[in-house]
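Written out below as structure tokens is the structure these notes cover.
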Amino acid sequence: MIRLVNLHKTYRMGDIAVHALKGVSLEVEAGEFVAIMGPSGSGKSTLMNILGCLDRPSEGSYMLDGREVAGLDDDQLAEIRNRKIGFVFQTFNLIPRRPALRQVMLPLLYNPEASDLESKARAALERVGLGDRLDHKPNELSGGQQQRVAIARALISDPVIILGDEPTGNLDSRNSEEIIAMFQDLHAEGKTVVIVTHEEEIARHAQRIIRFRDGHIVSDEPVRDRLYARELLASMPAEEDQ
Amino acid sequence: MNLRESISVAFEGLAANKMRAALTMLGVIIGVAAVIAMLAIGQGARERMMAQIQQMGTNLLMVFSGQTRRGAVMGGFGSMESLTLDDAEAIAEKCPSVAKVAPETRNGAQVKYKNRNTSTNIIGVTADYPDVRNYRVQNGRFFTERDVRSSRKVAVIGPTTAANLFGEVSPVGKTITIKGIRFEVVGVTAVKGATGGFMDSDDQVFIPISTAMRRVFGLQYVRMIGAQAKSLELMDRANNEITDLLRKRHHIAEGADDDFVIRNQAEIIEMAGETARIFTILLAGIASVSLLVGGIGIMNIMLVSVTERTREIGIRMAVGARRRDIQWQFLVEALVMSLTGGLIGVLVGVAESWIIGKIGGNSGWNTSVSAGSVILSFCFAAVVGVFFGFYPARTASSLDPIEALRYE
């Protein structure tokens with residue numbers, strides 16, 4: 001699904017060149033659930049931006065779903081973000097004052113081939129358990145609910161890969177578990193999922209953890225004692241969710 | 001993103017900052033309204049001017065004495081004395097295309113009635129003058145050819161003069177004094193309205209031209225000869241006939257300049273139209289400056305909006321908006337503001353013009369709103385929206401998606 005070969009990324013800050021990625025090679029198979037870890041400045045965010053086609057590598061090759069995307073222009077990258085990638089952010093990144101239904105619809109508005117926008121958006125919201133919150137605006141939703149709206153938005157175009165950039169970073173432990181459970185559900189349905197996190201707990205929900213330091217991969221190992229969010233949630237004391 | 005979605009997003013954005021949007025639109029509203037009102041005033045002035053020129057007479061040619069020239073200094077029309085009463089008679093007799101001739105003299109003088117007096121223009125004319133220059137007599141009569149031939153001391157006065165001298169009293173049959181000479185008032189002309197701006201055709205005293213020249217002012221020359229062509233088509237021919245005749249009568253050598261000037265009514269209409277057009281353009285030009293300022297207001301607020309919504313732009317880009325989608329969205333928002341403002345401005349401008357026409361109609365402030373001026377100013381508002389919306393939209397579309405997403 002994802003194949004990176006000798007990927008470099010260099011930022012210029014005035015006269016100083018910052019090497020954020022120094023020759024990263026990596027493969028993620030279709031249907032895998034991968035967590036990327038590392039301290040800040042290790043290059044994991046840069047990698048995430050490149051994987052999400054928000055940024056281009058300075059050097060190297062990035063094959064996504066059988067297509068080389070390293071040399072594409074802005075419009076082509078926008079189309080790939082629109083059709084193939086579902087992005088979930090730490091800060092939810094919903095547009096203020098828009099009801100949930102219209103948040104979720106957003107990617108389809110940029111896809112001229114899309115149809116039945118409203119019914120698709122409704123289905124996506126029902127899938128994340130917010131079928132009764134269609135008209136709620138972000139400020140009327142809890143953090144966990146906002147993140148679920150964001151997940152619904154990421155799912156609506158039926159992308160080949162879901163990317164989570166610290167998706168639980170702004171949530172309490174119960175809401176984190178809810179969200180990560182949703183990622184595990186998506187994975188179970190066959191989606192390829194890649195998340196960035198600095199929490200070991202969260203990372204252990206994935207199948208595989210890749211650790212970064214100074215722009216290099218320092219380890220790439222399968223998770224032995226994998227956590228299952230649904231089980232954890234069942235054992236957690238019930239608390240008011242909304 | 002399709003147009004409907006863009007427009008609905010634009011209205012959402014504006015609704016979120018109602019006061020701000022309203023104030024921004026106010027700039028455009030004032031601009032558009034000002035342009036429409038100024039064009040209406042200009043057009044109204046033009047129409048009034050045209051009506052006044054028509055009042056001067058029908059198919060009228062005006063023959064003036066030529067200009068004096070001292071070195072490079074040109075005197076005004078009539079500053080050279082060359083036209084005589086005989087010239088006028090000759091034109092009437094020998095120019096087949098001319099129907100009637102009305103020579104005139106014009107001098108300022110004080111007119112007295114009992115203990116009242118007024119300063120006005122004393123115009124010496126012939127009996128044909130009312131026909132040639134579209135005057136009607138309201139009270140009494142105009143003087144006759146016999147009055148003129150025998151240089152009688154009779155006068156026809158304008159309604160304003162009548163009011164100044166006589167108040168409510170009927171002037172007909174009363175005696176007025178001009179430069180110490182007593183005149184019998186035989187008639188009062190009908191109200192014509194001010195013509196030409198600097199001459200009040202209702203504040204004049206007409207006396208026989210013979211009386212004016214010989215008895216009152218001692219003149220040899222007439223100021224002007226009005227000649228009425230037999231038809232509109234014959235005006236050019238009449239013009240040529242008069243030129244040939246006067247050159248012969250004044251013994252002007254081949255190739256030498258005329259010592260008279262002929263003004264054609266059509267020419268005057270053209271000149272006045274040109275003047276009115278310049279006046280209108282000037283007014284509209286000044287008004288359009290305020291529309292430009294309104295445009296700058298739009299640009300300002302759009303730049304603020306782009307900054308405030310940097311994160312939204314990042315989100316849109318992350319879910320697949322292309323740069324041109326973002327640019328389009330902000331351009332539409334600027335356009336929605338300028339067009340909404342333009343629409344309201346049209347209504348305000350039309351209302352304003354109507355009110356100006358109502359209030360000022362009696363004092364010469366006619367207004368006339370044309371469909372063209374409405375369309376023009378509305379399109380101008382649209383152009384302003386695109387022009388001033390373009391830069392902020394461009395700024396929005398050139399943001400880096402990663403930076404935009406991180407923007408706090």
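Bear in mind that the values in this text are calculations on the coordinates, not laboratory data. Given the structure is predicted, the values throughout are model-derived calculations rather than measurements. All Cβ positions, glycine included, derive from the backbone under ideal geometry; neighbour counts span all protein chains shown.
Annotation for segment B:288-338 versus segment A:169-205: alpha-carbon center distance of 37 Å.
Order by neighbour count: A:157, B:119, fewest other Cβ atoms within 10 Å first, most last.
Values: A:157 22, B:119 10.
Ranked by crowding around the Cβ, least crowded first: B:119, A:157.
Note on chain A: dipole from Cβ charges, positive end direction compared against A:136, A:119, A:61; the farthest Cα belongs to A:61. Rounded to the nearest 10 degrees, the inclination of helix B:18-55 to the longest alpha-carbon principal axis of chain B is 20 degrees.
For residue A:191, the lysines whose Cα comes closer than 22 Å to its Cα, not counting residues fewer than 8 places off in the same chain, are A:44, A:84, A:120. Quick check on the protein assembly as shown: helices-only [θ] at 222 nm, where DSSP H runs of length 4 and up contribute -39,500 (n - 2.57) each and the sum goes over total residues. Nearest 500, please. Rounded to the nearest 500, the figure is -15000 deg cm²/dmol. With a simple spin-label model that places each label point 7 Å from the Cα along the Cα-to-Cβ direction, the separation between residue B:4 and residue A:231 comes to 5.0 nm. Each listed q (0.12, 0.15, 0.16 Å⁻¹) maps to a log10 I(q)/I(0) for segment B:285-408 from the Debye sum over equal C-alpha point scatterers, namely -0.55, -0.72, -0.77. Placing unit charges on each Cβ (+1 for Lys and Arg, -1 for Asp and Glu) gives segment B:121-240 a dipole about its Cα centre, and among B:148, B:137, B:127 the Cα reaching farthest toward its positive end belongs to B:148.
Placing +1 on each Lys and Arg Cβ and -1 on each Asp and Glu Cβ, with no other charges, gives chain B a dipole about its Cα centre of roughly 1040 debye. Projecting the Cα atoms of B:296, B:217, B:173 onto the dipole axis of chain B, where Lys and Arg carry +1 and Asp and Glu carry -1 at the beta carbon, places B:173 farthest toward the positive end.
The H on the amide N of residue B:124, modeled in the peptide plane, is under 5 Å from the matching H of B:105, B:106, B:107, B:207, each at least 5 residues off or on a different chain. What fraction, in whole percent, of alpha-carbon pairs in chain B exceed 31 Å separation? Value for chain B: 57 percent of Cα pairs lie more than 31 Å apart.
Taking 17 Å as the straight-line reach from the Cα of residue B:100, the lysines in range (excluding those fewer than 8 positions away in the same chain) are B:230.
Taking the Kirkwood radius as Rh and the Cα radius of gyration as Rg, the protein assembly as shown has a ratio of Rg/Rh equal to 1.36. Dipole check for segment A:2-235: with +1 at the C-beta of Lys and Arg, -1 at the C-beta of Asp and Glu, and the Cα centre as origin, the magnitude is about 240 Debye. Think of each Lys and Arg Cβ as +1 and each Asp and Glu Cβ as -1; about the Cα centre, that makes the dipole of segment B:1-155 roughly 680 debye. In this simple spin-label approximation, residue B:117 and residue B:221 carry label points 7 Å from Cα along the Cα→Cβ vector, and these lie 2.9 nm apart.
Over chain B, what relative contact order in percent results from Cα pairs under 8 Å that are six or more residues apart? All intermediate terms of the calculation are to be shown ahead of the outcome.
Working: 766 pairs, mean separation 119.7, N = 408.
Reported as a whole number, the value is 29 percent.
Each part gets one Cα centre, and for segment A:65-139 versus segment B:263-287 those centres are 60 Å apart.
Under the classification rounded if a/c is under 1.5, otherwise prolate if a/b is larger than b/c and oblate if not, where does segment B:81-258 fall, given a ≥ b ≥ c as square roots of the Cα gyration tensor eigenvalues?
Details: a/c = 2.27, a/b = 1.84, b/c = 1.23.
Prolate, since a/c reaches 1.5 and a/b exceeds b/c.
Using a simple spin-label model with pseudo-atoms 7 Å out from Cα toward Cβ, residue B:54 and residue B:278 lie 2.5 nm apart. Candidate cross-link partners of residue B:174 among the lysines, defined by an alpha-carbon separation under 18 Å and a same-chain spacing of 8 or more, comprise B:112, B:114, B:153.
Once you reduce segment B:117-136 and segment A:1-49 to the center of their Cα atoms, the two points are 99 Å from each other.
To the nearest 0.05, how large is the calculated FRET efficiency for residue A:97 and residue B:407 if R₀ is 25 Å and r is the Cβ-Cβ distance?
0.90
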